[in-house]
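The values are calculated or read from the model by the stated rules, or taken from the named source; none is laboratory data. In this text the structure is predicted, and so the values were computed from the model without any measurement. So basically every Cβ, Gly included, is an ideal-geometry build from the backbone, and we count neighbours across all protein chains shown. Ligands, DNA and RNA are excluded from the accessible area calculation, which covers all protein heavy atoms including side chains. Shrake-Rupley method; radii C 1.70, N 1.55, O 1.52, S 1.80 Å.
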Amino acid sequence: MKIYLYVLIMFCSTVVFTQEEQLYFIEDIKVEGNVVTSEDAVITLSGLKIGTYIQIPSPKIQYAIQTLWKEGVFDAITVSKEVKEGKVTLVIQLIEYQLLGELSFNGVNDSEKKKLKKHKRIRELKRYSPNAMMVVDNVLREILQNKG
């Protein structure tokens, strides 16, 4: 009797805790929230392809998010789905880091400005996370303080 009870409990817990995976045809992939990065670039980097089949949930979606994270240009990435009759539209929602604009320095001569702009850790028109922006700020402050 104990064996039957154990088997019944195991079966019920398996049924309750398993997510139902379904196979969907990827009809479209949309990208939202991108300002500078092109939609085609995001889709290509994600590795997801229109016209293929995907199981949801899928490690392919996790891989797509990880690949986009590695680019270092996004503050947030989510992927959602819109399902219609066995077909799915994947929606990649992004928040991009801001670009560092043109650097300008006051009270510094032209040759020092050029040196500061050529510093290996500082690049104009590059995306920086908030933490990286603090590093850039600290590097510039340190250089300027050492100059006097």
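In Å², what does the accessible area per residue of segment 45-117 work out to with a 1.4 Å probe? Present the calculation step by step, with values, prior to reporting the outcome.
Numbers: 4710 Å² over 73 residues.
I get 65 Å² per residue for segment 45-117.
What is the calculated FRET efficiency for Val108 to Thr78, with r their C-beta to C-beta distance and R₀ = 35 Å, to the nearest 0.05?
Details: r = 42 Å, r/R0 = 1.21.
Taking R0 as 35 Å, the efficiency between Val108 and Thr78 is 0.25.
Once fully extended, how much extra length lies between Ser129 and Glu39, figured as 0.36 nm per residue of separation less the alpha-carbon to alpha-carbon distance? The partial results should precede the final answer.
Numbers: separation 90, 0.36 × 90 = 32.40 nm, distance 2.08 nm.
Between Ser129 and Glu39, full extension yields 30.3 nm more.
Per-residue HN-Hα couplings for segment 72-81, Karplus 6.51 cos²θ - 1.76 cosθ + 1.60 at θ = phi - 60°, whole Hz, x for Gly and Pro?
x, 10, 10, 8, 8, 9, 9, 10, 10, 10
At R0 = 25 Å, how high is the FRET efficiency between Lys70 and Asp137 if r is their beta carbon distance? Nearest 0.05 is fine. Please report the intermediate quantities before stating the final value.
Working: r = 25 Å, r/R0 = 0.99.
For R0 = 25 Å, the calculated efficiency reads 0.50.
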